[in-house]
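The next block holds one structure in the form of structure tokens; read it before the comments.
A short reminder: the numbers here are calculations on the coordinates, not readings from a lab. Treat the numbers as computed from the prediction; the structure is a model and nothing was measured. FYI the Cβ positions are ideal-geometry reconstructions off the backbone, even for glycines, and counts take in every protein chain you see.
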Amino acid sequence: MEYPVGIGEYRVAMPPGILVTRGLGSCVGVILHDTTLRIGGLAHIMLPNSRDFANFNNPFKFADLAIPALVAEMRVLGARSLAARLVGGARMFPNGASRSGFDIGERNALQARVILSSFIIPVVAEDVGGSVGRTVLVDVSLGSVRVRTAGRGERNL
């Protein structure tokens, strides 16, 4: 069964689930998997840090809030041996980002790495950067991650 994960959402699934998120441009997909219990999780991160905003109505669009929530939910289900993969973090508007020095995709990927490191969760693979959008499919049973990229086809991560 496919479980969609939208922007600013996260979801945890058990076999035989497939987690899917589309439209990863500057957003980052944070994929967690416990190979022993075959529990998988996916967060679609839009922004790196909630502290940059005075008010917001969706905490899960921020890396600093979504990743801890995802880890906590997976640990409640028994996950202990987690590994991470990161997908997305593209520079979708390269000229504007370089002029202003504000590359949100790069900042999203960096913040995800920092938060995962604080939980001592290794990042075992990445497909980040560039200037193309991506779709991610996570087969929870196998722990496999397929990344579809416009113009580059599909690859396993």
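Expressed as an acute angle from 0 to 90° and rounded to the nearest 10, what is the orientation of the C-alpha long axis of helix 63-76 relative to the principal long axis of the chain?
Roughly 0 degrees between the two axes.
Please compute the modelled spin-label separation between residue 2 and residue 37, points set 7 Å along Cα→Cβ, answer in nm with one decimal.
Taking the simple label geometry, residue 37 and residue 2 are separated by 2.7 nm.
Which GluC sites (Glu not before Pro) in region 100-157 pass both tests, a DSSP loop state and at most 11 other beta-carbon atoms within 10 Å?
Here no GluC sites (Glu not before Pro) fit, given the DSSP loop and packing criteria.
Looking at [x] 102; [y] 181; [z] 126, which value of volume of the Cα convex hull per residue in Å³ comes from a calculation on the structure shown?
The calculated read-out lines up with [x].
About the Cα centre, and with charges only on the beta carbon of Lys, Arg (+1) and Asp, Glu (-1), how big is the dipole of the chain? Nearest 20 debye, please. Provide the component values of the computation, followed by the final result.
Numbers: 17 positive and 12 negative charges, 37 e Å.
About 180 debye.
At what distance in nm do the modelled label points of residue 75 and residue 150 sit from each other, each positioned 7 Å from its Cα along Cα→Cβ?
3.9 nm
Could you work out how far helix 104-118 tilts from the main Cα principal axis of the chain, as a 0 to 90 degree angle to the nearest 10?
For helix 104-118, the angle is close to 40 degrees.
Between rounded, prolate and oblate, where does region 96-157 land on the alpha carbon gyration tensor, with a ≥ b ≥ c its root eigenvalues, rounded for a/c under 1.5, else prolate if a/b exceeds b/c?
Oblate.
Give the long-range amide H neighbours of residue 127: residues separated by 5 or more places, or on another chain, with amide H under 5 Å away, using H modelled in the peptide plane at 1.01 Å from N.
Amide H to amide H, under 5 Å and 5 or more residues apart or across chains, residue 127 pairs with 86, 87, 88.
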